[in-house]
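The values are calculated or read from the model by the stated rules, or taken from the named source; none is laboratory data. Everything numeric in this text was worked out from a predicted model, so none of it was measured. Quick reminder, even Gly has a Cβ in these numbers, built from the backbone with ideal geometry, and neighbours come from all protein chains shown.
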Amino acid sequence: MHLSIWQESGLINKGRKVFSILIKRRAGFTPRKISLPQTRYFMCGITGSFNCSEGIDTGRLFEATEMIHYRGPDDFGYMLVESDFNFTEINRSNYTGIPPNKDYSGGFGFRRLSIQDLTENGHQPMCDKSRNYWIEFNGEVYNFIEIREELIAKGYKFNSGCDTEVVLNSFIEWGDECVSKFQGMWSFAILDKGRKRLFCSVDRFGIKPFYYFFNGIEFHFGSEIKQVLKLIRRRSSFNYKVLFDYLVAESYGNETEETFFTGIKKLLPGHNLVINLANAHYDIHFNKYWELKVNHEVHNLTDEEYIKDRIRELFFNSLRMRLRSDVEVGTCLSGGIDSSSIVCALDKISNSGTKQSLFTILSGEGRLNEYPHAKTIAEKVNGRHFTKTIGTKDLKEDIKKLIWHNDEPLLKASMYGGFYAYKLASENGIKVILDGQGIDEYAGGYFIPPYNELLNYLKRSGKKEILKDQKRHIRENEGISAASMRYSTMKYVFKKNLHNMFDSRFRVKLKKSVGEWFDKDFVYNNLHKSQLYGKYDLEDPYLHEDDVKSKSYKLLKFLNLPGILRQVDRNSMAFSVEARVPFLDHQLVEFVYSLPSEFIIKRNTTKYAFRESMRGIVPDSILDRTDKIGFYIDEYSLLKEMKDLIYGYVESISEDNGIYNRNFVLNNLDKLLEKRENYDSKLWRYMNGIIWENLFNVI
């Protein structure tokens, strides 16, 4: 959007107080002349390879870096670690080809997507003046201007205006604790020559990915799994536990540190990883630097006006931070509450009459078509509204490409929505886009009437008047009788207690759902290894008392958000587009998540506190929507059109493949696609699993 014409920068007054200003750079507005550091952001791809036994394969390091060129088409660079811990640096200007393998114990590879400028000052891998510290950084620390001024006050000098140099100097100044000062999204690795130590970190929510392989002798990492597969010099095998949960239990497969590939893991959100490179055998250590917990000062709030004002303030601050860019920032617009709030809030912040660039992908008809809602918002802000309607033909052509970019099979066909939205943005010259992911998980977007989690919490906590009011509104507005509500609540509590006492119920339900779709040994061997059974490690004891908070926590940390963020990163970077998610500003998340649960769901309204904070900013016709559609793809129609392809995919696997019951699907495919009521979503996952296996040559 043309709000990208805004660049937020920092100044220091005599008391060194940092404050933010907005500079309008187009639309006929001429800012007063002031001297500011030029800001630079880079959304990129990182690669790393270390081997303490026989050294690294430089050819593979270069190939693993080049294979994600779309993550950073603007520049590249390498750093190779020699046996004496001196360094060889390779960049565009001195690159003459892949250097021959010699005694290199490790190395970094970097691809750069420049969001601000193309100067060499921000080239990576980057080192400090002493050349003792080297960094490769993917992501953005939005508050780097403020941190930069703090470091300047401590005597640090800067050669660039980029956030990478700020991250590096922050590590030099504050060590591993530096990440607690950052506001943004990141994955990075810093090599400390003096301590012969590699420090790696991922942001609080895992927005930017970090995948790795470690066996004590080798440590390889990358922004995408395919890079690590290239570096480990061997074919990877199925991680049957994760594949089982995806195929049978309908999970994203991203709930834990494990991936679909045996031996390849992801660094969990809010964690640091340290590799000791000094010994003949590498040591690995992990540290969790952030955890989402209920702030009891916030949880005790009762002033609704203060709550609404505070949410609005935090949301606007998050948006201002994510407008720090010298290139145009667009916005995904579905017509739902979340994306509409971003668009309308940005219009309020700018107050400049400039047009936002808005991108809407359409599929479906009737009530499944959200275009009228999106159009309402686009017209309200006088936006440049780009739309594209996609159908089964598009999906048939791109399914392999989408699975390849995601590294793992896709849970639902609706994941195409983001893929085509980012493609549409790229085709119209947009390199940065705002997306509305994340708030549903922590602000109550996935609760349905009669809101049993809230009723159970209110009853247990003794909030009788609120409970009475809640029940009355559910009866009046949802058409649910008091008897039906009592039955629903009793059934919910019974199932919850039964589930907590006996995990066998969960396994029996899974086994029953399998039918004849899969190999019997595959089911038997993995049924009791499922990682989806709900006994998660809930560190905050409050989560055992509040069912609303418990559900939100699980959605945010395990069940939903990790899989969604995988798609946001891969689908956007496939088109060299940087996706920013303002709803995942950690200060905003911590506040809304900690609110009393009766402000998360109030009467017959989910996401109540956030909706009310947007009154007067977003049209009531949007805020009062009770339907939750999201991007819709008719999987049944899609697969029906792809029936011949499905036959081909299933026929390509052997009868003794050990996972799929090939003959069952071949014999029943016509029946499954004959009419909609026969359709089973396992067919979608079946096809995805087979395509993924073939694309990545998994054994």
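The number of residues in region 425-480 that are closer than 30 Å to LEU346 by Cα and of a type in the set (Asp, Glu) comes to 4. Restricting LEU362, LEU395 to those that are under 28 Å from MET642 (Cβ atoms), without any contact (Cβ under 8 Å) to a residue 60 or more places away in the chain and either touching a Lys or Arg at 6+ places or on another chain (Cβ under 6 Å) or crowded, with 17+ Cβ neighbours inside 10 Å (or both) reduces the list to LEU362.
For ASP440, the test of being at pLDDT 95 or above and in contact with a strand residue (DSSP E or B) (Cβ under 7 Å, 6 or more places away or on another chain) is failed.
Taking region 430-464, which residues are part of a loop (DSSP other than H, G, I, E, B) and over 19 Å from ILE342 (Cα atoms)? Spell out how you get there, then give the answer.
The first filter runs over region 430-464 and keeps only residues part of a loop (DSSP other than H, G, I, E, B), leaving 430-431, 435-438, 444-451, 461-463.
Listed by number, the residues that qualify are TYR446, PHE447, ILE448, PRO449, PRO450, TYR451, SER461, GLY462, LYS463.
If you take the residues in region 153-184 that are of a type in the set (S, T, N, Q) and in contact (Cβ under 8 Å) with a residue 24 or more places away in the chain, which one is surrounded by the most Cβ atoms within 10 Å (Cβ to Cβ)?
Going residue by residue through region 153-184, those that are of a type in the set (S, T, N, Q) are 159-160, 164, 169-170, 180, 183.
Okay, now just the ones that are also in contact (Cβ under 8 Å) with a residue 24 or more places away in the chain, so 159-160, 164, 169, 180, 183.
Numbers: ASN159: 11, SER160: 18, THR164: 29, ASN169: 22, SER180: 10, GLN183: 19.
Filtering region 153-184 for residues that are of a type in the set (S, T, N, Q) and in contact (Cβ under 8 Å) with a residue 24 or more places away in the chain, the one surrounded by the most Cβ atoms within 10 Å (Cβ to Cβ) comes out as THR164.
Determine whether region 275-293 contains at least one residue that is at pLDDT 95 or above, within 20 Å of the chain's Cα centre (by Cα) and surrounded by 20 or more Cβ atoms within 10 Å (Cβ to Cβ). Checked against the condition, which is being at pLDDT 95 or above, within 20 Å of the chain's Cα centre (by Cα) and surrounded by 20 or more Cβ atoms within 10 Å (Cβ to Cβ), region 275-293 yields at least one hit.
If you check PHE85 against the conditions, is it in a loop (DSSP other than H, G, I, E, B), among the aromatic types (Phe, Trp, Tyr), within 30 Å of ASN276 (Cβ to Cβ) and in contact (Cβ under 8 Å) with a residue 12 or more places away in the chain? Working first, answer last.
Values: in a loop (DSSP other than H, G, I, E, B): yes; among the aromatic types (Phe, Trp, Tyr): yes; within 30 Å of ASN276 (Cβ to Cβ): yes; in contact (Cβ under 8 Å) with a residue 12 or more places away in the chain: yes.
For PHE85, the condition - in a loop (DSSP other than H, G, I, E, B), among the aromatic types (Phe, Trp, Tyr), within 30 Å of ASN276 (Cβ to Cβ) and in contact (Cβ under 8 Å) with a residue 12 or more places away in the chain - is met.
Just to verify a result, which residue in region 411-437, among those that are charged (D, E, K, R) and at pLDDT below 95, is farthest from the chain's Cα centre (by Cα)? Give the derivation first.
At the first step, the residues of region 411-437 found to be charged (D, E, K, R) are 412, 423, 427, 431, 435.
Filter again for at pLDDT below 95, leaving 412, 431.
Working: LYS412: 16, LYS431: 18 Å.
Ranking the qualifying residues of region 411-437, first place goes to LYS431.
Within the set LYS495, LYS512, LYS491, the sole residue that is over 33 Å from the mean Cα position of the chain (by Cα) and over 30 Å from PHE583 (Cβ atoms) turns out to be LYS491. Among the numbered conditions (1) buried (at least 17 other Cβ atoms within 10 Å of the Cβ); (2) modelled with pLDDT under 95; (3) farther than 20 Å from VAL577 by Cα, the only one that PHE315 does not meet is (2).
Enumerate the helices (runs of 4 or more DSSP H) found wholly within region 573-635, keeping only those where 1 or more residues are of a type outside the set (A, V, I, L, M), in contact (Cβ under 8 Å) with a residue 40 or more places away in the chain and in contact with a Phe, Trp or Tyr (Cβ under 9 Å, 6 or more places away or on another chain).
Numbers: elements: 586-594, 597-600, 608-613, 620-623.
It comes to 586-594, 597-600, 608-613.
Is there a residue being surrounded by fewer than 17 Cβ atoms within 10 Å (Cβ to Cβ), assigned to a loop (DSSP other than H, G, I, E, B) and not acidic (Asp, Glu) anywhere in region 415-429?
Let us first name the residues in region 415-429 that are surrounded by fewer than 17 Cβ atoms within 10 Å (Cβ to Cβ), namely 427-429.
Of the ones still in play, those that are also assigned to a loop (DSSP other than H, G, I, E, B) are 428-429.
From the residues that got through so far, the ones that are not acidic (Asp, Glu) too are 428-429.
Yes: one or more hits.
From the list SER187, SER201, the one residue that fits, being out of contact with any helix residue (DSSP H, G or I) (no Cβ under 9 Å at 6 or more places or on another chain), buried (at least 21 other Cβ atoms within 10 Å of the Cβ) and under 28 Å from ASN254 (Cβ atoms), is SER187.
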